[in-house]
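Before any comments, here is the structure.
The values are calculated or read from the model by the stated rules, or taken from the named source; none is laboratory data. These figures come from a predicted structure and were not determined experimentally. Every residue, glycine among them, receives a Cβ derived from its backbone with ideal geometry; neighbour counts consider all protein chains shown. Surface accessibility is based on the protein's heavy atoms, side chains included, excluding ligands, DNA and RNA. Shrake-Rupley method; radii C 1.70, N 1.55, O 1.52, S 1.80 Å.
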Amino acid sequence: MLDKKVTELLNQQINKEFYSAYFYLDIANYYESMNLDGFANWFKIQAQEERDHAMLMYQYLHNNNAKVTLDAVSKPEKVFSDKVSPLKATLEHEIFVTSLINSIYSAAFEKKDFRTMQFLDWFVKEQGEEEKSAMDLIAKMRVLGDGANSLYQLNSELGARTYNPPSLAL
Ligand code: FEO
């Protein structure tokens with residue numbers, strides 16, 4: 001039986017992960033409208049990964065006989081002024097998500113809920129990777145600039161990203 005508080009936080013996190021998926025889909029939508037299909041591809045895959053995160057939490061709760069409640073997903077409200085601002089918003093968002101994962105981890109730690117801590121270990125590592133990939137994108141854009149040639153180059157690179165489902169066994 002999972003602790004009430006830990007269950008509640010995981011339940012809320014399902015919603016946040018679906019929001020993340022929606023947030024990244026909105027960024028893909030922005031790049032799509034700029035005819036940057038490679039950038040859009042990268043963010044559509046990011047959205048798929050966020051949905052996976054939500055589903056892992058959903059399944060973990062069900063596997064532990066906990067009740068799952070699905071809430072409304074908020075509307076992504078960010079308006080992007082230039083091509084680099086979605087990348088900065090991505091880093092900002094991932095730092096926020098890391099803090100949420102850490103809070104759930106802290107609650108599990110407090111309750112000596114080693115099972116949930118072990119489940120969350122994957123997410124702790126994943127957050128490190130997600131922050132790094134956002135920082136890498138910003139750095140590349142900074143180095144290459146946002147002129148036509150560099151955008152073309154970066155767009156081709158991001159267009160090559162492929163979706164890999166998470167390798168986390170529940
Ligand atoms: Fe589900 Fe991007 O963290």
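List of remarks:
- Scanning segment 30-80 for residues that are within 24 Å of A139 (Cβ to Cβ), more than 16 Å from the ligand (Cβ to nearest atom), touching a residue at least 12 places away in the same chain (Cβ under 8 Å) and part of a loop (DSSP other than H, G, I, E, B) returns M34, L36, F80.
- Enumeration of residues in segment 151-170 that are surrounded by 14 or more Cβ atoms within 10 Å (Cβ to Cβ) and of a type in the set (G, A, S): G159
- Taking the numbered list (1) more than 24 Å from S33 (Cβ to Cβ); (2) assigned to a loop (DSSP other than H, G, I, E, B); (3) touching a residue at least 12 places away in the same chain (Cβ under 8 Å) in turn, N164 passes all entries but (3).
- The sole residue among A72, A107 that is modelled with pLDDT of 95 or more, small (G, A, S) and closer than 15 Å to K5 by Cα is A107.
- The residues of segment 141-150 that are open to solvent by 20 Å² or more (accessible area, probe 1.4 Å), part of a helix (DSSP H, G or I) and within 14 Å of M34 (Cβ to Cβ) amount to a single one, A148.
- A residue that is open to solvent by 20 Å² or more (accessible area, probe 1.4 Å), among the basic types (K, R) and touching a helix residue (DSSP H, G or I) at 6+ places or on another chain (Cβ under 7 Å) can be found somewhere in segment 50-58.
- Residue check for E129: exposed (fewer than 13 other Cβ atoms within 10 Å of the Cβ) and within 12 Å of the chain's Cα centre (by Cα): yes
- Counting only residues that are touching an Asp or Glu at 6+ places or on another chain (Cβ under 6 Å) and either polar (S, T, N, Q) or away from the ligand (no atom under 14 Å from the Cβ) (or both), segment 114-150 holds 0 of them.
- Tally, over segment 81-103, of residues that are β-branched (V, I, T), open to solvent by less than 80 Å² (accessible area, probe 1.4 Å) and within 12 Å of the ligand (Cβ to nearest atom): 4
- Among the residues making up segment 17-43, a single one is of a type in the set (D, E, K, R) and surrounded by 21 or more Cβ atoms within 10 Å (Cβ to Cβ): E17.
- All positions within segment 107-128 that are among the aromatic types (F, W, Y) and under 23 Å from S167 (Cα atoms): F114, F119, W122, F123
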